[in-house]
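Colleague: Submitted below is the structure of interest, expressed as structure tokens.
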Amino acid sequence: MPDMSASLAMTHLVPLADEINNDKVTPGVLGFIVFAALALGVWLLMKSMNRHMGKVDFEEAPEPDAAASASAPAAKDTAKSAAKSA
């Protein structure tokens, strides 16, 4: 009996196959290959970018105002320690 339902399903699907428009354009295998190549290219570029960004050693330069105020107390401490030792 299961064989009968398979053939019955095929008889219902065969008329649907006849209704397919042969003028309709679909992406097909070529479209899939192009999409997969683009996806692979983007993945490789992101992987390369991640590797290159990991190599970057960035230290932010201090602002001139912060550097001047930080060096002024250090200069005073050096002068005080020099006066004490003399």
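Colleague: Among the residues of region 40-62, write down those that are within 11 Å of the chain's Cα centre (by Cα) and not β-branched (Val, Ile, Thr).
Modeller: First pass over region 40-62, keeping only residues within 11 Å of the chain's Cα centre (by Cα): 42-50.
Listed by number, the residues that qualify are 43, 44, 45, 46, 47, 48, 49, 50.
Colleague: Residues to consider are 16, 38; find the one that is outside any loop (DSSP other than H, G, I, E, B) and at pLDDT 65 or above.
Modeller: Only one candidate qualifies: 38.
The values are calculated or read from the model by the stated rules, or taken from the named source; none is laboratory data. Predicted model only: the values in this text are computed from it and were never measured.
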